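Novice: Please read through the structure below; I'll follow up with questions.
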Amino acid sequence: MIRCMLFISLLLHSTLAQKQPPESSTTKWLTLSGEQPLVIARGGFSGLFPESSSFANQIAISTGLADVVVSCNLQLTKDGIGVCLPDVRIDNSTTISSIYPKGQKSYNVNGQDLRGWFTLDYTSDQLLNNVTLTQNIYSRSSLFDGQLPISTVEDVTGVKPPKFWLNVQYDSFYNQHKLSPAAYIEATTKHIIINYLSSPEIGFLKTISGKVNKLKTKLVFQFLSPDQVEPTTNQKYSSILQNLATVKSFASGILVPKEYIWPVNSNGYLGAPTSLVADAHKQGLEVYASGFANDIPASYNYSYDPTAEYVQFVDNSQFSVDGVFTDFPPTASEAIACFAHNKNGSKPRKGSALIISNNGASGIYPGCTDLAYQQAVEDGADIIDCSVQLSKDGVPFCLASADLTGDTTALVQFMDRKAVIPEIQQEIGVFSFALTWSEIQTVKPQIVSPFGNSSILRNPANKNKGKFLTLLEFLDFAKAKAVSGVLINIENAAYLASKQGLDIISTVTSALANATFDKQSTQQVLIQSDDTSVLSKFKDIPTYKRVLRIKEKIGDAPKPSVDEIKKYADAVTIPRSSIVIVSDFFTVELTNVVKELHAANLSIYVDHLRNEYVTLAFDYFSDPIVEIATYVQAIEVDGFLTDYPGTASKYMRCPCTDTDPKANVPYPILPAEAGSLLSLIPPEIQPPAQAPAAPLEAKDIVDPPLPPVAKVNESGVAGGPAEPTGSSALANAANVGLSLVAVMVLSLLYLGR
C-alpha cells in the first residue's frame with residue numbers, strides 16, 4: 001500500500017510536466033504534416049524501468065508530451081494472448097530462466113538459429129502469474145527486476161495512453177508455429193484502438209491492410225539494419241530503401257534506425273545527412289527514427305547532451321522526422337517542446353543561478369585554453385574561471401592544477417622534473433613551479449576523460465587544441481568579451497610562499513589592479529580559495545566577492561561553523577555530494593547544508609556539473625538538463641560550475657523553466673524529487689543506507705596565517721617541507737609512494753595517445 005501511494009505521488013509530481021503546446025503557437029515544422037513531431041516511448045519509459053512494465057507505461061504518459069505515443073513489441077503466448085516484450089527470446093527481459101530452468105529451446109527465426117526461452121512455449125497463465133520483468137540493458141538499474149509482471153496488450157492500452165503503437169516483428173515465425181499475429185490484431189481492434197501498427201515484414205503489412213481501419217490505424221514499415229534480409233521478399237533492407245514508391249503502396253510511414261538519416265562516422269562524429277527524409281516525404285511517407293537513448297553514447301557532436309541529438313533530427317534547415325522512438329520520453333519531450341525552434345532563446349529570469357565555467361568549456365576543449373574560454377563565452381557562461389598557477393619564473397597562468405600531468409603533455413617532455421609534494425597531492429607530478437613559462441609553452445594541452453579508462457571520452461578531435469593563457473591574457477579576454485564576471489581560484493599559497501619563494505597573492509592582486517578590475521563594478525570578481533588566510537588578503541577590496549571552497553563532502557553546516565565562514569567569505573562552493581545524498585545512483589534525500597548557509601546570507605555555488613550520464617543519478621533520467629533544473633528550481637543554489645556551459649545556458653534561456661501551473665509554458669521541465677524513485681523499490685532490496693557525512697567543524701575552517709615569502713637559493717630550495725594544516729590540508733594524506741616503474745608506465749600511456 002505504501003509503495004502504491006508513493007507511486008501515485010511520483011505520478012502526480014511528474015504529471016505536472018504534461019501540457020499541450022499553447023494554442024496560439026504558429027510554429028511550422030518540416031514534418032510531412034507540418035505538425036509537431038511525435039514522441040514514441042519504446043516500451044514506455046524503458047530507460048528507467050523494465051520495458052512495457054506498468055511503471056514504464058504510466059510514467060511515460062505522465063512525463064511525456066500530451067500526445068505521447070506508448071509502444072509495445074508484440075509477442076504471442078502458447079494460447080494466443082498478446083504480451084509486450086522486447087524480443088522473441090524473453091530470457092533477457094524476464095525471470096523465466098529461473099522460474100522454468102529447463103525451458104530453454106532452439107528455433108529457427110527468420111533464417112537464424114536462436115536458443116533461449118520463447119513465449120510460444122508457455123500459456124498466458126504461466127507467464128502472467130509466475131514470471132516477472134527485468135531490465136534488459138545491463139547498464140541500467142536492476143533494482144526493479146522481479147518486481148513487475150509482464151503486461152498484456154490490454155494492460156498497456158488500459159492505462160489510456162494518448163496514442164498506442166504496436167510493433168509486430170516476428171509474424172512469419174509465429175505463423176510457422178500456428179499462431180497468427182494478424183488474427184490476434186483483427187480480434188483486438190474490435191475493442192481497443194491501435195493508432196500505429198508497424199512491422200519489418202512486408203507480407204504481414206499487406207495481410208493486415210485489409211483487416212484494420214486505415215483511417216484509425218497507420219501502417220508503418222520498419223527497416224532493420226541494411227544488411228538484414230526482409231523475409232517476404234528475401235531482399236536486403238538496403239535494397240528496399242531504394243524503392244520507397246513500392247513501400248508507399250502498403251504503408252503510410254517508415255520506421256528506420258537513426259543512422260539511416262544521420263550517419264555517425266568511425267571517429268564518432270556526424271557525417272552529412274542522407275536524403276532519406278526528403279525522399280520519403282516526396283512519396284507521402286512519414287519517417288520515424290529509432291534508437292534514441294540518453295545512456296547510450298551517440299556522436300561527440302552532441303557533447304553528451306541528449307536533447308541536442310533530438311533537436312538535430314527535428315529542427316534543422318533541411319528536414320524534420322515525424323517522430324522519434326526513445327527509451328527516455330521526457331527528454332525527447334523537452335527537446336521538442338523547449339529547445340527546438342528556440343536557438344536564440346530568451347534572457348534568463350531575474351535571479352537565475354549563475355553559470356560558471358569550470359576551466360572554460362572543458363568538456364569540449366582542453367581546459368583553461370583560449371578555445372575553452374571562447375567556447376564558454378559563446379555558450380552563454382555568466383562567469384569564466386581561472387585557477388591561477390605560477391611558473392618557476394613567476395608568470396601566472398590558468399590551469400586546473402599545479403600538476404601539469406593531467407591537462408598537458410608535460411610528463412612526456414619533462415619526466416626529469418617529476419616530484420612528490422605531499423603538501424599539494426599524494427601522487428607524483430610535474431609541477432608548474434618546476435618549469436619556466438617558456439618551457440610550459442612548449443607542452444600541449446590535452447583533454448583527459450575524467451572517467452579514467454572508461455569508453456566515455458571527450459571530443460577526441462579537439463584533444464590537443466588551443467593554447468594556455470596567462471592571467472593577464474585571461475583578464476583582457478574577459479573584459480573584451482564583457483562577460484558578467486570572473487572567478488579567480490587560488491590554491492597552495494602557503495606552499496608557494498614558503499617553499500618556492502613565489503607570492504601568488506601579490507601576483508593576482510597586481511594583475512587584477514592592472515586590468516582595473518578593482519576599480520569597477522560592471523563585472524563581478526569572485527576570489528575563490530580553500531584557504532581562509534588567502535581570502536583575508538582580499539577583504540579590503542569591497543568590489544570583490546570572496547568564496548570559500550569546501551572540497552570535502554559535508555553532511556551538515558552547524559551555526560558555529562557558518563558564523564566562522566562569514567568572517568572570511570561571502571559565498572561558499574561545495575560539491576554536489578554535500579547537497580544531494582546519492583546511493584547506488586538513486587537520490588536519497590537533500591541535506592540541510594544549502595538552507596543553513598542561505599540562512600546566513602551566504603551564496604552557494606555547486607562544484608561541479610557534467611553532462612555525461614555516468615555522473616547522473618537515475619532520478620535525473622540520464623539527462624543533465626534535469627539535474628540542472630533540480631539545483632536551480634528545487635534547491636535554489638546561486639550558481640554552479642560546469643564543464644558544459646552551453647547545456648546550462650540552453651536550459652536557463654528556454655521557455656520551460658517556469659513550473660508554475662498557471663504559466664503558459666509548452667512543457668515545464670521539473671526538478672527531480674529526492675528519494676521518490678528509490679521509494680518504488682521494496683525496502684529489503686534497496687541499497688544499504690550510507691553513514692552520514694561528517695558535519696562541517698569550525699576548527700576545520702580557519703587556516704594558519706600565510707608564511708612570509710621565502711628567499712630561494714640558487715638550487716631552487718627554500719627549506720624543508722611544511723606540514724599541511726587547516727581546512728586546505730584535509731584532503732592531503734601522506735601516502736606518496738609511487739614507484740619509478742609506475743611513472744614509466746604512465747608516460748608510455750601518454751606517448752600512446
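The values are calculated or read from the model by the stated rules, or taken from the named source; none is laboratory data. Just so it is clear, the model here is predicted, and its values are computed rather than measured. All Cβ positions, glycine included, derive from the backbone under ideal geometry; neighbour counts span all protein chains shown. Side chains included, ligands, DNA and RNA excluded: accessible areas come from the protein's heavy atoms. Shrake-Rupley method; radii C 1.70, N 1.55, O 1.52, S 1.80 Å.
Novice: Taking a virtual spin label 7 Å from the Cα of Ala480 along the C-beta vector, which residues in segment 398-415 bring their backbone nitrogen under 13 Å of it?
Specialist: Output list for this probe position: empty.
Novice: Sticking with this one: Grab every C-alpha pair in segment 536-614, bin the distances at 10 angstrom width from 0 up to the longest one, and report whole percents.
Specialist: Calculated over all Cα pairs of segment 536-614, the distribution is 17, 47, 25, 9, 1 percent.
Novice: Now for a separate question. Expressed as an acute angle from 0 to 90° and rounded to the nearest 10, what is the orientation of the C-alpha long axis of helix 54-63 relative to the principal long axis of the chain?
Specialist: Approximately 60 degrees, to the nearest 10.
Novice: Related question: Calculated from DSSP H runs of 4 or more alone, at -39500 (n - 2.57) each and per residue, what is the 222 nm mean residue ellipticity of the chain, nearest 500? Walk me through the numbers on the way to the answer.
Specialist: Working: 25 runs with 187 residues, N = 753.
Helices in the chain give a 222 nm mean residue ellipticity of -6500 deg cm²/dmol.
Novice: Whenever you get a sec, line up Thr615, Thr77 from highest to lowest accessible area (probe 1.4 Å, protein heavy atoms).
Specialist: Details: Thr615 25, Thr77 0 Å².
Greatest to least solvent exposure: Thr615, Thr77.
Novice: Could I ask something else about it? Computed from the coordinates I sent, Rg/Rh (Cα atoms, Kirkwood Rh) equals one of (i) 1.10; (ii) 1.02; (iii) 1.30. Tell me the label.
Specialist: (ii)
Novice: Please compute the contact order of the chain in relative form: average sequence separation of alpha-carbon pairs under 8 Å and at least six residues apart, divided by the residue count, as a percent.
Specialist: On the way: 1597 pairs, mean separation 93.8, N = 753.
Once divided by the residue count of the chain, the mean separation gives 12 percent.
Novice: Read phi for every residue in segment 449-466 and hand back ³J(HN,Hα) as whole Hz from Karplus 6.51 cos²θ - 1.76 cosθ + 1.60, θ = phi - 60°, with x for Gly and Pro.
Specialist: Karplus values, whole Hz, x for Gly and Pro: 4, x, 10, x, 8, 5, 6, 7, 9, 10, 5, x, 4, 9, 3, 10, 8, x.
Novice: Starting from the Cα-Cα distance between Val420 and Ser454, subtract it from 0.36 nm times their residue separation and give me the gain in nm to one decimal. Mind dumping the intermediate values first?
Specialist: On the way: separation 34, 0.36 × 34 = 12.24 nm, distance 2.67 nm.
Length gained between Val420 and Ser454: 9.6 nm.
Novice: Just how much of Cys398 is accessible, in Å², when a 1.4 Å probe is used and the result is rounded to the nearest 10?
Specialist: 0 Å²
Novice: Rounding to the nearest 10 and keeping the result within 0 to 90°, find how far the Cα-based axis of helix 471-481 lies from the longest principal axis of the chain.
Specialist: With rounding to tens, the tilt is 50 degrees.
Novice: At 1.4 Å probe size, what's the solvent-accessible area of His177? Round to the nearest 10 Å².
Specialist: Rounded to the nearest 10, that gives 70 Å².
Novice: Would you mind checking the pairs Lys190/Lys282; Lys481/Lys699; Lys78/Lys214; Lys160/Lys662 and listing those with alpha carbons more than 32 angstrom apart?
Specialist: Lys190/Lys282; Lys481/Lys699
Novice: How about segment 86-193: which trypsin sites (Lys or Arg not before Pro) there lie in a loop by DSSP and see at most 10 other Cβ atoms within 10 Å? It would help to have the intermediate numbers written out before the result.
Specialist: Details: sites: Arg89, Lys102, Lys105, Arg115, Arg140, Lys163, Lys178, Lys190; in loops: Lys102, Arg140, Lys178, Lys190.
Filter output for segment 86-193: Lys102, Lys178, Lys190.
Novice: Same structure again: How much accessible area per residue does the chain have, in Å², with a 1.4 Å probe? Numbers along the way, then the final one.
Specialist: Details: 30840 Å² over 753 residues.
So the chain comes to 41 Å² accessible per residue, rounded to a whole number.
Novice: Applying the Karplus parametrisation 6.51 cos²θ - 1.76 cosθ + 1.60 with θ = phi - 60° to the phi angles of segment 147-163, what ³J(HN,Hα) value in whole Hz is obtained for each residue in order, glycine and proline being reported as x?
Specialist: With coefficients 6.51, -1.76 and 1.60, one gets 9, 10, x, 5, 9, 7, 4, 5, 4, 5, 5, x, 7, 6, x, x, 9 Hz.
Novice: Would you pull out the residues with amide H under 5 Å of Gln528's amide H, same chain only if 5 or more places away, H placed 1.01 Å from N?
Specialist: Amide H neighbours of Gln528, under 5 Å, 5+ apart: Ile488, Asn489, Ile490, Val547.
Novice: Here's something else I'd like to know. Using protein chains only and a probe of 1.4 angstrom, how many square angstrom of Val483 are accessible, to the nearest 10?
Specialist: We get 10 Å² for Val483.
Novice: Okay, next question. Just want to confirm a number: the relative contact order over segment 33-339, from Cα pairs under 8 angstrom separated by 6+ residues, in percent.
Specialist: Numbers: 623 pairs, mean separation 57.2, N = 307.
Answer for segment 33-339 is 19 percent.
Novice: Sticking with this structure for a sec: Long-range amide H contacts for Gln235: which residues qualify at under 5 Å (H placed 1.01 Å from N, peptide plane, sequence gap of 5 or more or a different chain)?
Specialist: The answer is Glu230.
Novice: Hey, which lysines would be in cross-link range of Lys499, C-alpha to C-alpha under 20 Å, not counting anything within fewer than 8 residues on its own chain?
Specialist: Straight-line reach from Lys499, under 20 Å: Lys392, Lys418, Lys537, Lys711.
Novice: Using only the heavy atoms of the protein chains and a 1.4 Å probe, how would Met415, Met652 rank by accessible area, largest first?
Specialist: So the residues, ranked largest to smallest area, are Met415, Met652.
Novice: Per-residue HN-Hα couplings for segment 684-698, Karplus 6.51 cos²θ - 1.76 cosθ + 1.60 at θ = phi - 60°, whole Hz, x for Gly and Pro?
Specialist: Going residue by residue, I get 5, 10, 5, x, x, 5, 8, 5, x, 5, 5, x, 6, 9, 4 Hz, with x marking Gly and Pro.
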